[in-house]
There are 2 protein chains.
Amino acid sequence: MTVAIDAMGGDDGPSTIVEGSVLAAKQGKANIIHVGDQDVVETELSKHESESLPITIVPSNGKIEDTEAPALGLRQKPKASIVVATHLVKSGKADAVVSMGSTGATMASAVVLLGTIHGIDRPAIGGPIVGSAPNQVILDLGSNLDCRPQQLVGFGVLGSVFSKVLLKISDPKIGLLSVGSEEGKGNTQIKEATELFKKSGLNFIGNVEGNDLVTGKADIVVCDGFVGNIVMKLTEGLGSEISKYLTESMKETIDSDIAAALSREIFKVTNPAAAYGAGPLLGVNGISLVGHGRSKQNEIAGAIATAKRAVEVDFINQIQKRLSKTLSTLTENEPDER
Amino acid sequence: MTVAIDAMGGDDGPSTIVEGSVLAAKQGKANIIHVGDQDVVETELSKHESESLPITIVPSNGKIEDTEAPALGLRQKPKASIVVATHLVKSGKADAVVSMGSTGATMASAVVLLGTIHGIDRPAIGGPIVGSAPNQVILDLGSNLDCRPQQLVGFGVLGSVFSKVLLKISDPKIGLLSVGSEEGKGNTQIKEATELFKKSGLNFIGNVEGNDLVTGKADIVVCDGFVGNIVMKLTEGLGSEISKYLTESMKETIDSDIAAALSREIFKVTNPAAAYGAGPLLGVNGISLVGHGRSKQNEIAGAIATAKRAVEVDFINQIQKRLSKTLSTLTENEPDER
C-alpha cells in the first residue's frame, strides 16, 4: 500500500506534511512517496529518523496555490507537486494521493488525470460539518454549484458508499436538505429529486431541515454545492463568533482559562473536518483525498490512514457498482412514469 | 395610529398576546384592536386594568393553525382571526396588522386581501438571523423558494428600504450570498443576478459568504428563500446544540448557574428574531407584520412599536417608489446589454 503525499500543500508547508507522513510511516500505515521540491523535502526529512522507514521522494517543481485558478495552474505548472503526485496514482506507482493543498487543484488534477466514474460529471466533496454529528456526510460541499436532480441522486450513492465502507454505518439513511420536513416542501430541484430518490432503491428518508444538520437525523445529507458550501462556512463562522461573544460577555464571570477551554470545545463542534483528517474526492476514478490546509501532523497521519482504508475496501469499485445499479434502476423505471 | 393584532396567534395563545398589547397601549404605542374569539379576548382583557386604554375588540371565529395549508385555511375559515385582522387594514379601520401566528396564513391573508406591490410576485420575509449582526437584514427567509435573478434584485430593494427607514442605516450595503467573495463565484442564478445588481443603481457590494453572515459584512444579504430558510434554521439549531454540548462537556469545570448563563448568551447570538419582535412582510401592499410564535409580552409590544414606525415613515410608499425606480433602471439598460 503506497500513498503519494503532496509535500508542498497545507498552510504550514512541507515541515508539517513531512512530520505527519513520517508519523504515518512509523505507525505502519503505508509506504509514503513524498512529492515536492527535492531539496526542501530532503531537508525536512533529515530532521527525522526516517532512514529505516518506507519513505521515498519523487521530485516535483513548484505548487499550485489556493489563490490560482486550478485549470490554469495545471496548464502553467505541469510539474507542480499535486500534478506529479496524482500522476503516480494514474501510473500505478501509488494507490492513493493525499493533499492538504488547494482543493481546486487537487480536484482538477484528479479529473484530468484519473477521470470521473461513469455517471458523475464532476466529483463531489463530502464530510461532516458539525461535531455533534461527526459521522454525518454532507455533500456536495462546494464543487457542483448548479445541480440537476439526477446529480443529487448520484451524491446520495457516493455518500452512501462513503458512509458504509469508510464509516462502517450498516444501512445509512439519506436525507435531502430542504425547508420543511414534509414531502413536497422544497424548491423545484428538491421536488424533482424526491421523485427520483423514491424509485432509486436507496435508503431515502425524505427531507431534512437546517436544524437537523446538527442532530445527525440523516447519515447522508444531500444538497447542491452552493447550499453545502454556504452551510459549511456559516457553521465555521458561527463557531468563532460564539467563542468571541462568550469570551467578551462572560469575562466578569469566568476566568480566561475557562474561556479558552470553552473556545476549544466550540471549535470542536463547528470544525469537525479538522479532526477528521481528509475526505476522498467522491466520483473520481481513483483515490484522491483532500484535507484542510490547517491540518497538523495527527490529521495528516489520519488522512493517510483513511487513504489506506479506502484502498483496502476497494472504494472506487464499490462506488462504480452501486452507482451503475442505481442509474439503471432509474432508467428502467422511466417508461412507467411517463 | 391603530394596530390590529391577531389575538389568537402565538405559541402561548391569547393570554400572552393580550398582555403584550396592553403593555403597548400603556406605553402609548398605538390604539389596539384585538381580533379574536370575543369571550376569550374579554376574559384575558379583564385580567388587566385596561378600561382607560385605547383598546377595542373585533370578534372573529377560530384560527388558522401552523400545521394547516395556508390557502386552504383561508378558504375554510374566512372568519379566522388573521383574516379578519388583515381585513381591517384593507378597509382602513387599522393602519397595520401584527400576528405571532402562522407565517403562511399571515402571508396568504396579506396577499389575498392587500395584494402585492407592483414588481413583486410574492412577498419576502427578512430580518437578522445572528445576534452578532442584529441589524443585518437577510432575505428571503423562506417564502420564495425558486427565484429568478430579477426577484433577487427586488429583494435588494425591499431590504434596502427596510434597512434605511426602519433600521436607520443611511446607505445600506447589499451583498449576494454565495460561495466565494470574488465576482463570478456562484451558481447561474448568482451570476445573472450580479449583472442585474451592477446596473441597478443600488449600493451593491458583490458576494458575501456563509461566514460573513455572522460579522454583518453587508447590511442586506440577498438569497432565495430556500437558502435563507436553511441558514436560519441551521443557526438556531447550532445555538441549541452548542449550549447542550458545552453544558455537558464542561460540567466538571463550570457550575450550573454559569452553564445557564452561557446558554442564554448563546441563545441571544443564534435567535436574534426573538429580541426583534416581528418583521414586516416585504412587498405587501399594506403593513402586515409577523413575529415569532415564541414571542413574549415585550416582543409583542416591540412588534406593535415596529408597526407604528412603519406607518409613520410611510413604509409602503417608500418601497413602491424605490422599486419602480430600480425596475425602470433595469429595463432602460436592457437594450444596451444586447
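Every number here is computed from the coordinates shown, using simple stated rules; none is lab data. From a predicted model like this one, the values you see are computed outputs, not experimental measurements. Please note: Cβ atoms are built from the backbone with ideal geometry, for glycine as well, and neighbour counts cover all protein chains shown.
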About the Cα centre, and with charges only on the beta carbon of Lys, Arg (+1) and Asp, Glu (-1), how big is the dipole of chain A? Nearest 20 debye, please. 780
Mean Kyte-Doolittle of at least 0.0 plus a Cα span of 24 Å or more along the axis: flag which DSSP H helices in chain B meet both, please. B:225-249
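Rounded to the nearest 500, what is the 222 nm mean residue ellipticity of chain A from helices alone, with -39500 (n - 2.57) per DSSP H run of 4+ residues and division by all residues? Let's see the in-between values first.
Values: 13 runs with 161 residues, N = 338.
Taken over chain A, the calculation gives -15000 deg cm²/dmol.
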Unit charges at the beta carbon, dipole of the protein assembly as shown: most positive-side option, B:S143, A:G142, B:L196: B:L196
Which whole-percent values make up P(r) of region B:205-338 when all C-alpha to C-alpha distances are grouped in 5 Å steps starting at zero? 2, 8, 11, 14, 16, 16, 12, 7, 5, 3, 2, 1, 1, 0
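Please report the net charge: other residues with Cβ closer than 15 Å to the Cβ of B:G62, K and R +1, D and E -1. Let's see the in-between values first.
Numbers: positive: B:K63, B:R75, B:K77, B:K79; negative: B:D6, B:D37, B:D39, B:E65, B:D66, B:E68.
Net charge around B:G62: -2.
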Take A:E192 and A:T215, extend 7 Å from each Cα along the Cα→Cβ direction, and tell me the distance between the two endpoints in nm. 3.1
Longest to shortest principal axis, alpha-carbon extents of region A:152-228, angstrom: 32, 27, 22
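Give the whole-number value, in cubic angstrom per residue, of the convex hull volume spanned by the C-alpha atoms of region A:1-153. Don't skip to the end; give the middle numbers.
Working: hull volume 21.1 nm³, N = 153.
In region A:1-153, the Cα convex hull volume per residue is 138 Å³.
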Can you give the extra length, in nm with one decimal, that the chain gains between A:K26 and A:L72 once fully stretched, where that is 0.36 nm per residue apart less the Cα-Cα distance? 12.9 nm
Taking region A:126-273, how much of its Cα-Cα pair set, in percent, is spaced more than 22 angstrom apart? 42
Label points 7 Å out from Cα along the Cβ direction at A:H118 and A:K168: separation in nm? 3.3
How far is it, in nm, from the label point at B:E312 to the one at A:E248 when both lie 7 Å from their Cα along the line to the Cβ? 2.9
Region B:160-230 versus region B:14-64: alpha-carbon centroid distance in Å: 39
Please state the charge dipole magnitude for the protein assembly as shown, taken about the Cα centre, from unit charges on C-beta atoms (+1 on K and R, -1 on D and E), reported in debye and rounded to the nearest 20. 880
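Quick one: what do you get for the protein assembly as shown if you divide its Cα Rg by 2.2 N^0.38 Å? Display every interim value, and only then the final one.
On the way: Rg = 27.7 Å, N = 676, 2.2 N^0.38 = 26.2 Å.
Output field value: 1.06.
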Could you pull out every one of the lysines with an alpha carbon less than 16 Å from that of B:K90, ignoring same-chain neighbours closer than 8 positions? B:K79
FRET efficiency for A:S324 and B:S324 from the Cβ-Cβ distance with R0 = 41 Å, rounded to 0.05, comes out at 0.15
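How much of the calculated P(r) for region A:25-110 lies past 20 Å, in percent of all Cα pairs? Kindly include the intermediate steps, with their values, before the conclusion.
Working: 1298 of 3655 pairs.
Value for region A:25-110: 36 percent of Cα pairs lie more than 20 Å apart.
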Taking the Cα centre of region B:149-213 as the origin and placing charges on Cβ (Lys, Arg +1; Asp, Glu -1), which of B:N207, B:G180, B:G156 is farthest toward the positive end of the dipole? B:G156
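Just to confirm a number: summing +1 for Lys and Arg and -1 for Asp and Glu over residues other than B:G239 whose beta-carbon lies under 12 angstrom from that of B:G239, what do you get? List each step's numbers first, then the result.
Values: positive: B:K233, B:K244, B:R264, B:K268; negative: A:E241, B:E236, B:E241, B:E265.
Summing Lys/Arg as +1 and Asp/Glu as -1 gives 0.
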So the compactness index of chain A, its C-alpha Rg divided by 2.2 N^0.38 Å, takes the value 1.03
DSSP-defined beta bridges in region A:126-273 - what % are antiparallel, rounded to 5: 15
